[in-house]
């Protein structure tokens, strides 16, 4: 899981950096350690931090714990930004981007055992081996199968997180897709993430862009950030064609009420 995350993150940072470089003004002349420090802090704040924030959102959508932090204005430490995350059932990891006066922006990676979780008293928690209430899961599944988009999302989220069913991303995509096709905004946002990350389906930037554009139209912040990153990976004609297809979809399938969350 960690290798997949870091490989994906490196490619995102490269794409975003190239996109920013294409529109950024030329470097200022002159030198000085203060100016270099300020330039390093600005690069961390404007280039690296947006990518880490977007990636944090993707990790949270997939059911993992994740957070970002930034220290770019402290006088007693070199500027840095970091992403911390703990995959479900995995090791806690941290990825720090830090300004170094001799080497520029350097990357440090740390992997450590996740902190032990305190166990509640036996009287306050039902047996871990007790099966889930069959009426609950079966009821959700039955309503999802007959076309209820909200229950389809509820079932998809169970597969995505492994709640009361074996974790299965491909099944999560299947049920998110059925809800998204009916105008469920949260499901559209989730599909944008899954197709972008290649989770449960082959990675497909065009499909990720399509579903993210739909969710962005309804104000989903994660989709807004995702679209901004993916735009650099598509040609202008490709992006325009997908946007036109999304507009046609919205006319036929208007967003459902109270559907802005995939959970």
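The values are calculated or read from the model by the stated rules, or taken from the named source; none is laboratory data. Being a predicted model, the structure only gives us computed values, none of them experimental. Glycine gets a Cβ as well: all are built from the backbone with ideal geometry, and neighbour counts include every protein chain shown.
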| message | Just checking, does the stretch 236-258 include any residue being on the phi > 0 side of the Ramachandran plot and either surrounded by fewer than 20 Cβ atoms within 10 Å (Cβ to Cβ) or at pLDDT 95 or above (or both)? | response | yes
| said: Considering only residues that are under 25 Å from residue 248 (Cα atoms), surrounded by fewer than 22 Cβ atoms within 10 Å (Cβ to Cβ) and without any contact (Cβ under 8 Å) to a residue 40 or more places away in the chain, which ones fall in the stretch 140-172? | reply: 147, 148
| Which of (1) modelled with pLDDT under 95; (2) under 21 Å from residue 156 (Cβ atoms); (3) surrounded by 14 or more Cβ atoms within 10 Å (Cβ to Cβ) is the odd one out, the single condition residue 233 does not satisfy? | (2)
